[in-house]
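The values are calculated or read from the model by the stated rules, or taken from the named source; none is laboratory data. From a predicted model like this one, the values you see are computed outputs, not experimental measurements. When we count neighbours, we look across all protein chains shown, and the Cβ atoms used for this are built from the backbone with ideal geometry, even at glycine.
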Amino acid sequence: MTVALPRPDPPAPGRRAVTDVPSPADRAFRRVTTGAGLCMLGILVVIGFFLIYRSGPAFKVSGFGFFSTIDFDAANSKLGVLGLLYGTIVVALIAVCVAVPVSILAALYITEYASSRLRGFLTGLVDLLAAIPSLLYGLWGFSFLGPQIVPVSTWLTNNLGWFPLFATQDNTLFINSMFIAGLVVSLMVLPITTSVIREVFTQTPPGEKEAALALGSTRWGMVKTVVLPFGRGGIIGGSMLGLGRALGETIAVSLLLPQVPQISSHLLQFGGATISGYIANNKGASGLALSGLMGAGLVLFVFTLATNFTASVIISKSRSGAGVDA
């Protein structure tokens, strides 16, 4: 009697190592992109060292008081960037607070509510707005929008003057205020912020949107539970990109503000200055004044880099789609 022995299992096939051999075109493209990135990094380093070198005399005269002094008077060796930095931040925050909600609503309408034909027209219109020179925005804000906003500022201070930001001094002027400058800059921030947010919203997985609608959700419910959580990273990225754009705006604010360094909570009344606008209005300075302007430019340079670095960290921790995985 013969006993059939069980046949041994065949050996498991070994895993094939997947090797990616880039083509010559891929290698050339990688070298070009790497070189471009290193070139941009080198330019930033050169700009930083140039500003540090040219601002040395101003820091030698003012010391650390350069960062805590409000006035900027080179004739009396009184140099400070605090008043300019305050105006820069206030104008940028006003612009972002106005532009970001409008950008989110505009991006949602373009991606979720507009017809295909209207969607193409609105997308092109938003991109076209980003191409308008800032000088035209400044001239339009100075000659048209500013006078139209004066009644709004008057109403705000008469009815909401109990709130410190809307309070004004007696017999004050409502033109050339940081409020008007922030509104004009918000129009310049709006196109780029809307474009970034819209691009992220268009990448929302259609299957998840259809599943929400199939479960009985309304269109707004689908937007609230699927589109907005998926686009959280894009909203943050677009907002921070708009903030960086607003911090560096020059021509428009140089036309809209009197460029008088100050720290004031009265945003609706005449006054205010920004670093970039003050530098543009005093471009013919020399000697210690020029060194002080270089120091102010260095502060704006570092502040903008810190803002962009913070934005990259926030975006890396707020990836789009993180809220719809569960």
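Would you pick out the residues in the range 199-237 that are of a type outside the set (S, T, N, Q), in a loop (DSSP other than H, G, I, E, B) and under 17 Å from Leu105 (Cβ atoms)?
Of the residues in the range 199-237, the ones of a type outside the set (S, T, N, Q) are 199-201, 205-216, 219-224, 226-237.
Pick out the ones that are also in a loop (DSSP other than H, G, I, E, B) and you get 205, 215-216, 231.
Gly231 - this is the single residue of the range 199-237 that is of a type outside the set (S, T, N, Q), in a loop (DSSP other than H, G, I, E, B) and under 17 Å from Leu105 (Cβ atoms).
When you go through Val21, Val46, Val91 one by one, which is the residue that is assigned to a loop (DSSP other than H, G, I, E, B), among the aliphatic types (A, V, I, L, M) and at negative phi?
The conditions single out Val21.
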- Task: Looking only at the range 59-73, count how many residues are in a loop (DSSP other than H, G, I, E, B) and free of Cβ contacts under 8 Å to residues at least 24 places away in the same chain.
- Result: 2
- When the range 253-277 is checked residue by residue, the ones that are closer than 12 Å to Phe72 by Cα and touching a Phe, Trp or Tyr at 6+ places or on another chain (Cβ under 7 Å) are Gln259, Pro261
- Filtered residues of the range 281-315 (kept if of a type outside the set (Val, Ile, Thr), surrounded by 16 or more Cβ atoms within 10 Å (Cβ to Cβ) and either without any contact (Cβ under 8 Å) to a residue 40 or more places away in the chain or farther than 25 Å from Arg54 by Cα (or both)): Asn281, Asn282, Leu293, Ala311
- Message: Any residue that is under 30 Å from Gly65 (Cα atoms), buried (at least 16 other Cβ atoms within 10 Å of the Cβ), touching a Lys or Arg at 6+ places or on another chain (Cβ under 9 Å) and not β-branched (Val, Ile, Thr) - is there at least one of those in the range 92-112?
- Response: yes
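Residues are listed down the side, and each one gets a yes or a no for (1) closer than 22 Å to Val184 by Cα; (2) of a type outside the set (Lys, Arg); (3) at pLDDT 85 or above:
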{"residue": "Val227", "(1), (2), (3)": "no, yes, yes"}
{"residue": "Ile236", "(1), (2), (3)": "yes, yes, yes"}
{"residue": "Gly242", "(1), (2), (3)": "yes, yes, yes"}
{"residue": "Ala252", "(1), (2), (3)": "yes, yes, yes"}
{"residue": "Ala289", "(1), (2), (3)": "no, yes, yes"}
{"residue": "Gly297", "(1), (2), (3)": "no, yes, yes"}
{"residue": "Thr304", "(1), (2), (3)": "yes, yes, yes"}
{"residue": "Thr310", "(1), (2), (3)": "no, yes, no"}
- For the range 113-129, what are the residues that are farther than 19 Å from Val227 by Cα and surrounded by fewer than 15 Cβ atoms within 10 Å (Cβ to Cβ)? Arg117, Leu118, Gly120, Phe121, Gly124, Leu125, Asp127, Leu128
- Message: Checking the conditions here, which among Val185, Val196 is assigned to a helix (DSSP H, G or I), among the hydrophobic types (A, V, I, L, M, F, W, C) and under 25 Å from Lys283 (Cα atoms)?
- Response: Val185
